[in-house]
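Have a look at the structure below before the remarks.
The values are calculated or read from the model by the stated rules, or taken from the named source; none is laboratory data. Just so you know, these numbers come straight off a predicted model, no measurement behind them. Glycine also receives a Cβ, built like all others from the backbone with ideal geometry; neighbour counts cover every protein chain displayed. Ligands, DNA and RNA are excluded from the accessible area calculation, which covers all protein heavy atoms including side chains. Shrake-Rupley method; radii C 1.70, N 1.55, O 1.52, S 1.80 Å.
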Amino acid sequence: MTEYHFTAEPCDGGMRIDKFLSEEMEEYSRSFLQKLIREGLVAVDERTVKANYKLSCGQQILVMVREPEEVSIEPENIPLDILYEDEDVLVINKPKDMVVHPAAGHYSHTLVNGIMYHCRDSLSGINGSLRPGIVHRIDKDTTGALIVCKNDKAHNEIARQLKEHSITRRYRAIVMGNLKEDEGTVDAPIGRHPTERKKMAVNEKNGKRAVTHYRVLLRLRGYTYIECRLETGRTHQIRVHMASIGHPLLGDTVYGPAKQPIASLKGQTLHAMVLGFVHPSTGAYMEFQAPLPDYFQELLRKLC
């Protein structure tokens, strides 16, 4: 059995236990979690409960999950836009609408399925069978450069650089409205949103330090085309930071308005354009640029 421990926070008061767990344990479906509750594998303050049990602040939740059967992730012949490859690393230009790695209930058509086919057995195993080779990720609807590690030595070295924030990461984005300054920095901690668990937010109390530097590249009609340089790498960092200063990313219905001005857009206009790191074997600094996707270039033309 694997045990998971949670504490109900003030924002969780009155929330059903099955809903709470579905938001905390996104890798599992709500029906699976309800099954655990029926089987007596979920306890609140050491007492088993029903799925409709409503939590109070401060209660302790224990979830016991049986060890899963080995999941078989199959290689798939998915076309990959490879920016660079050697015996240690692979740099991929990830397209829009592609999930990086498999998760419960979604084991196919991910980037991992594609790199397994391309690399065969040459992928690091540190992150387990669901994430071979994956040392960092970008969102499903974010495009651009991503490092894949082909052995554990490379994985450990790239992970160290990520932890030390020494990897160069520069993004291109279109934000709503016109930024007043030509450049600036958002230095604001990011943590879980106080009331919406699936979102992140600027959180002074429980957040981790997050720093985003931005500069204006082009002023558009009602929008601004910018470059963002990450000093840290928190979940949804650019999306949260730009929304926090009143300029959410165009197309971002999570941190921006639910009704977007360009209905055909699917997800935020964010592209990981430049990626630079010290090669894990040679020690040489390498930098790669992923060209803007066609939809992004066409959007810029329309908004000029």
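Key figures for this structure:
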{"read-out": "Any strands (runs of 3 or more DSSP E) falling wholly within region 135-249 and containing at least 3 residues that are over 28 Å from residue 92 (Cα atoms) and either free of Cβ contacts under 8 Å to residues at least 24 places away in the same chain or open to solvent by 10 Å² or more (accessible area, probe 1.4 Å) (or both)", "value": "183-187"}
{"read-out": "Flag if residue 6 is in contact with a strand residue (DSSP E or B) (Cβ under 8 Å, 6 or more places away or on another chain), part of a strand (DSSP E or B) and among the aromatic types (Phe, Trp, Tyr)", "value": "yes"}
{"read-out": "Count of region 70-88 residues which are more than 14 Å from residue 122 (Cβ to Cβ), acidic (Asp, Glu) and surrounded by 13 or more Cβ atoms within 10 Å (Cβ to Cβ)", "value": "2"}
{"read-out": "Count of residues meeting criterion [free of Cβ contacts under 8 Å to residues at least 40 places away in the same chain and under 16 Å from residue 133 (Cβ atoms)] in region 87-106", "value": "2"}
{"read-out": "Given (1) touching a strand residue (DSSP E or B) at 6+ places or on another chain (Cβ under 8 Å); (2) at pLDDT 95 or above; (3) closer than 27 Å to residue 167 by Cα, number of the condition residue 223 does not satisfy", "value": "(3)"}
{"read-out": "Evaluation of residue 272 against (1) out of contact with any Pro (no Cβ under 9 Å at 6 or more places or on another chain); (2) open to solvent by 30 Å² or more (accessible area, probe 1.4 Å) (one fails), failing number", "value": "(2)"}
{"read-out": "Lone qualifier among 54, 19, 35, 50 - being exposed (fewer than 13 other Cβ atoms within 10 Å of the Cβ) and either touching a residue at least 60 places away in the same chain (Cβ under 8 Å) or basic (Lys, Arg) (or both)", "value": "50"}
{"read-out": "Scan of region 89-134 for residues that are touching a Phe, Trp or Tyr at 6+ places or on another chain (Cβ under 9 Å) and open to solvent by 30 Å² or more (accessible area, probe 1.4 Å), ordered by number", "value": "96, 104, 105, 130"}
